[in-house]
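For reference, the structure discussed in these notes is given below.
The values are calculated or read from the model by the stated rules, or taken from the named source; none is laboratory data. Predicted, not measured: the structure shown is a model, and the values here were computed from it. With ideal geometry, Cβ positions are generated from the backbone for all residues, glycine too; neighbour counts draw on all protein chains shown. Remember, those area values only see protein heavy atoms, side chains included, never the ligands or the DNA or RNA. Shrake-Rupley method; radii C 1.70, N 1.55, O 1.52, S 1.80 Å.
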Amino acid sequence: MLLEIWKYLRGYVIINVSGFSPERFINLCANRGIYIWNVKSVNNGFNLYISAKGFKLIRPLVKKTGCKVRITKKIGLPFRFLIFRKRKIFLFGMIICMAIVFLLSLFIWKIDIEGNSMYTDEHLIKFLNTQSHFVGMWKKDVKCSELEKILLKNYGNINWVTCEMTGTKLLIQIEEGRNNIKIEDLSKSCDILSNKKGVIVSIVTRTGSPKVVKGDVVEEGDVLVSGTLEIKELEEIKAIEFTHSDADIYMKTIYPYHDEVNLKYVNKIYTNNKKKDNALKILNFKINLLKPRIKYSNYDKITTCDEICLFDNFYLPISTHKTSYEEYKLIEETYTNEQATNIIKENMTRHLKELEDSKKQIVNNEIEIIESADKIVADGIIVVIEKIGEKKYFDENERRQGYEEYFREDDSNTP
């Protein structure tokens, strides 16, 4: 393989040797140290391969043997460059293009993000811009390890992230922790507060002091379980301790529901009229190759973008933009009462399904469907049982100070 590359770089020719004594010509080449190979016998002599340098040395041998030598093919890099002797502008342009491509290879021209669903590409790319990582930056300034730490620090829902440079593309792969189990610090004292208004259905307290019982009506923000443990003797507080409250609390809550569907609505009907626009974008400059005149009153604009990639992962700051303008007409139509009622029922069923999927037990559904001259209305309430409670951490020293006055009064009353 290396020998073939070396032959190509130096150049060689395929020649046909014919005449009175081609065998003698071959022997003289061997005696003079002129390298030849792939010697094949043909009807009018021999075809053989000889280096470009060796070809310049065979003229005396040709005269001595009386042979005829004809070049059938020239192969190699030196002969390629001979083409550019009369095409200097083409050679100059090719060198400039190669230099531009090399220069462009030193920059990042594409940021590709994989594995994200909670955060859009646009959101993450905008964040990267604030961290000085953007399309068009020097590749040498990209610190993958630091970028990974920045993303993990600023996005708590990301489990892990890897950054990799491939060609002119920065590839960021992330895994979001949608099903992460939140690890609580059990050493911190906290209360459990109500995050909704409703009626307590059940409460099972593992740690902490319960402040409500079944049947109590509570407001949002009320303390359900306190992290302060009062140690009493005959209803008298002797000491206090603090703990991390933990309990399962279920409450009956009410969700209002309202939905309406107008009988008259506007429907979008597409026509067969369509126009296209092609544009070329280089860096931040956009060149319209074909800009149509749009006379449609109503139309949808659909744009697709294709980035130019020379090789695998070697993207350039050049992209083609194809835009389609599709005309549509707005036609006023009318639902029947039955059709509108079916839409109302489908929306209500979907909403109830969403409540059940969020682990809420539906107890009662008091939704009434009302028909009027111009619309169908669904209005009412949905009664559910759901798990409630949010933990609120507190400072133990501040809470202890609230009891100091009580203990001082108690000491003064002691005989």
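Go through the residues of segment 197-213 one by one and say whether even a single one is among the hydrophobic types (A, V, I, L, M, F, W, C), crowded, with 17+ Cβ neighbours inside 10 Å, over 44 Å from the mean Cα position of the chain (by Cα) and assigned to a loop (DSSP other than H, G, I, E, B).
Yes, that holds for at least one residue.
With the structure loaded, tell me whether Glu230 is assigned to a strand (DSSP E or B), open to solvent by 90 Å² or more (accessible area, probe 1.4 Å) and under 22 Å from Glu396 (Cα atoms) or whether it fails that test.
Against the criterion (assigned to a strand (DSSP E or B), open to solvent by 90 Å² or more (accessible area, probe 1.4 Å) and under 22 Å from Glu396 (Cα atoms)), Glu230 does not qualify.
Out of the residues in segment 328-363 that are polar (S, T, N, Q) and loosely packed, with under 14 Cβ neighbours inside 10 Å, which is farthest from Val383 (Cα to Cα)?
Thr334
Would you mind listing the strands (runs of 3 or more DSSP E) fully within segment 317-412 where at least 3 residues are of a type in the set (A, V, I, L, M), within 30 Å of Lys268 (Cα to Cα) and without any contact (Cβ under 8 Å) to a residue 40 or more places away in the chain?
Where strands (runs of 3 or more DSSP E) fall fully within segment 317-412, none carries at least 3 residues being of a type in the set (A, V, I, L, M), within 30 Å of Lys268 (Cα to Cα) and without any contact (Cβ under 8 Å) to a residue 40 or more places away in the chain.
Okay, residues lined up against (1) modelled with pLDDT of 90 or more; (2) of a type in the set (Val, Ile, Thr); (3) at negative phi; (4) not in a strand (DSSP E or B):
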| residue | (1), (2), (3), (4) |
| --- | --- |
| Tyr265 | yes, no, yes, no |
| Thr271 | yes, yes, yes, no |
| Leu280 | no, no, yes, no |
| Lys286 | no, no, yes, no |
| Pro292 | no, no, yes, yes |
| Lys295 | no, no, yes, yes |
| Ile302 | yes, yes, yes, no |
| Cys305 | no, no, yes, no |
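Would you please name the residue that is most open to solvent (accessible area, probe 1.4 Å), looking only at residues in segment 58-85 that are among the hydrophobic types (A, V, I, L, M, F, W, C), at pLDDT below 85 and out of contact with any helix residue (DSSP H, G or I) (no Cβ under 6 Å at 6 or more places or on another chain)?
Looking at residues that are among the hydrophobic types (A, V, I, L, M, F, W, C), at pLDDT below 85 and out of contact with any helix residue (DSSP H, G or I) (no Cβ under 6 Å at 6 or more places or on another chain), I get Phe81.
Report, by residue number, each residue of segment 296-325 that is open to solvent by 70 Å² or more (accessible area, probe 1.4 Å), among the aliphatic types (A, V, I, L, M) and either more than 22 Å from the chain's Cα centre (by Cα) or over 12 Å from Asp277 (Cα atoms) (or both).
Leu310
Looking at Ala52, Ala99, which one is among the small types (Gly, Ala, Ser), within 46 Å of the chain's Cα centre (by Cα) and modelled with pLDDT of 85 or more?
Matching residue, one of Ala52, Ala99: Ala99.
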